[in-house]
Amino acid sequence: MNNDYNPSPETQSLESLIEAKLRTALMQEDIIEINDLYNMVLYQMERPLLRIILEKTGGNQLQAAKILGINRNTLRKKMSTLGISHPRACNPRR
């Protein structure tokens, strides 16, 4: 990510929402007992993010990858790793 990143008001609002939800969830957990909190949170955020973007693009992986700022092959690998099926196979565009 670019160090000169200036978040828009919408991004700041999203960050505030995510922070509030994380605080609520983590206050209910015994954090000391969690060994891999960072990766656990990334995994739980990444799956819905990819599914939503793929849904919004009608399963177009190239467009989804562009929106996410990643390479299409990276998107495909993440989909495989996270167990996300190819949306076009389930919901073809007409």
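Name the residue, out of E29, E55, E33, that is charged (D, E, K, R) and either under 16 Å from S80 (Cα atoms) or in contact with a helix residue (DSSP H, G or I) (Cβ under 8 Å, 6 or more places away or on another chain) (or both). Spell out how you get there, then give the answer.
On the way: E29 fails: either under 16 Å from S80 (Cα atoms) or in contact with a helix residue (DSSP H, G or I) (Cβ under 8 Å, 6 or more places away or on another chain) (or both); E33 fails: either under 16 Å from S80 (Cα atoms) or in contact with a helix residue (DSSP H, G or I) (Cβ under 8 Å, 6 or more places away or on another chain) (or both).
Every option except E55 fails the conditions.
Got at least one residue in the range 28-51 being modelled with pLDDT of 85 or more, surrounded by 11 or more Cβ atoms within 10 Å (Cβ to Cβ) and touching a Pro at 6+ places or on another chain (Cβ under 7 Å)?
No: zero hits.
Condition first: surrounded by 15 or more Cβ atoms within 10 Å (Cβ to Cβ), among the hydrophobic types (A, V, I, L, M, F, W, C) and out of contact with any Pro (no Cβ under 9 Å at 6 or more places or on another chain). Now tell me which residues in the range 52-63 satisfy that. Step through it out loud before you land on a result.
Of all residues in the range 52-63, those surrounded by 15 or more Cβ atoms within 10 Å (Cβ to Cβ) come to 53-54, 57, 59-61, 63.
With the extra rule that they be among the hydrophobic types (A, V, I, L, M, F, W, C), the set shrinks to 53-54.
Answer for the range 52-63, where residues must be surrounded by 15 or more Cβ atoms within 10 Å (Cβ to Cβ), among the hydrophobic types (A, V, I, L, M, F, W, C) and out of contact with any Pro (no Cβ under 9 Å at 6 or more places or on another chain): just I53.
Report, by residue number, each residue of the range 1-22 that is more than 16 Å from L68 (Cβ to Cβ), surrounded by 10 or more Cβ atoms within 10 Å (Cβ to Cβ) and not acidic (D, E). So that I can check it myself, show each step before the final result.
Taking the range 1-22 and keeping what is more than 16 Å from L68 (Cβ to Cβ), we get 3-4, 6-10, 12-13, 15-22.
If we keep only those that are surrounded by 10 or more Cβ atoms within 10 Å (Cβ to Cβ) too, we end up with 7, 12-13, 15-22.
Once the filter is applied, which keeps residues that are more than 16 Å from L68 (Cβ to Cβ), surrounded by 10 or more Cβ atoms within 10 Å (Cβ to Cβ) and not acidic (D, E), the range 1-22 yields P7, Q12, S13, S16, L17, I18, A20, K21, L22.
The values are calculated or read from the model by the stated rules, or taken from the named source; none is laboratory data. Being a predicted model, the structure only gives us computed values, none of them experimental. For neighbour counting, all protein chains shown are included, and Cβ atoms are generated from backbone atoms with ideal geometry for every residue, glycine included.
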